[in-house]
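The values are calculated or read from the model by the stated rules, or taken from the named source; none is laboratory data. Please read all numbers here as calculations on a predicted model, not as lab measurements. Don't worry about glycine lacking a Cβ; one is built from the backbone with ideal geometry, like all the others, and counts go over all protein chains shown. Side chains included, ligands, DNA and RNA excluded: accessible areas come from the protein's heavy atoms. Shrake-Rupley method; radii C 1.70, N 1.55, O 1.52, S 1.80 Å.
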Amino acid sequence: MTQDPDPHEALASIQAARAGSAPPADYPVGYDLIYGAVCALLLAGPGLPQPWSIIVLPLAMAGLALMITAWRKKYGWWVSGYSPKRARWVAFALGAVFVGLILLSLYGRGDGPDWLFLVSGGLGFVAAIAGSRLWLRVWRRELAEEIR
């Protein structure tokens, strides 16, 4: 004899699990600021003079890895920016902006003004924070729709 759960109880259990996977309501703004700083380093780095451009990349990548590790330790989960169906388009758009800013940074290193890496990093900082918040909003809305 099996003990099949009531369909309503099973659905409620699934909805509760999805609601529990949503980002916390007190999502830390500091996380966005650190993410913005890491992205600024990644985007400005290619335009920096040698040896700084080679030094900045591993530091920024380590910062990103530490952010992910700290998030997993604190909340017990991590979601890639590309996995939620609707929110992934925000990540793709942010990636396109980042490619443009890297090219701007490289242009400054080659033919353009030497200070373009500062512009690229500053714009990347702002774009990363805005993109992170937009991604979070789209993902929360997507989770809320799936729960219903």
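At a glance:
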quantity: Residue check for ALA127: loosely packed, with under 14 Cβ neighbours inside 10 Å, modelled with pLDDT of 90 or more and assigned to a helix (DSSP H, G or I); calculated: no
quantity: Which listed residue is open to solvent by 30 Å² or more (accessible area, probe 1.4 Å), under 19 Å from GLY36 (Cα atoms), of a type outside the set (Val, Ile, Thr) and touching a Gly at 6+ places or on another chain (Cβ under 7 Å), from PHE98, PHE92; calculated: PHE98
quantity: Qualifying residue in the range 54-67 (condition: modelled with pLDDT under 95, closer than 21 Å to ARG137 by Cβ, assigned to a helix (DSSP H, G or I) and out of contact with any helix residue (DSSP H, G or I) (no Cβ under 9 Å at 6 or more places or on another chain)); calculated: no
quantity: Some residue of the range 70-85 being surrounded by fewer than 16 Cβ atoms within 10 Å (Cβ to Cβ), closer than 14 Å to CYS39 by Cβ and touching a helix residue (DSSP H, G or I) at 6+ places or on another chain (Cβ under 8 Å); calculated: no
quantity: Qualifying residues in the range 131-148 (those that are part of a helix (DSSP H, G or I) and open to solvent by 60 Å² or more (accessible area, probe 1.4 Å)) - the one modelled with the lowest pLDDT; calculated: GLU146
quantity: Of all residues in the range 25-39 being small (Gly, Ala, Ser) and modelled with pLDDT under 95, the one that is surrounded by the fewest Cβ atoms within 10 Å (Cβ to Cβ); calculated: ALA25
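Rundown of residues vs (1) over 22 Å from ALA130 (Cβ atoms); (2) free of Cβ contacts under 8 Å to residues at least 24 places away in the same chain, yes/no style:
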| residue | (1), (2) |
| --- | --- |
| ILE55 | yes, yes |
| LEU64 | no, no |
| MET67 | no, no |
| ARG72 | yes, yes |
| SER80 | no, yes |
| LYS85 | no, no |
| ARG88 | no, yes |
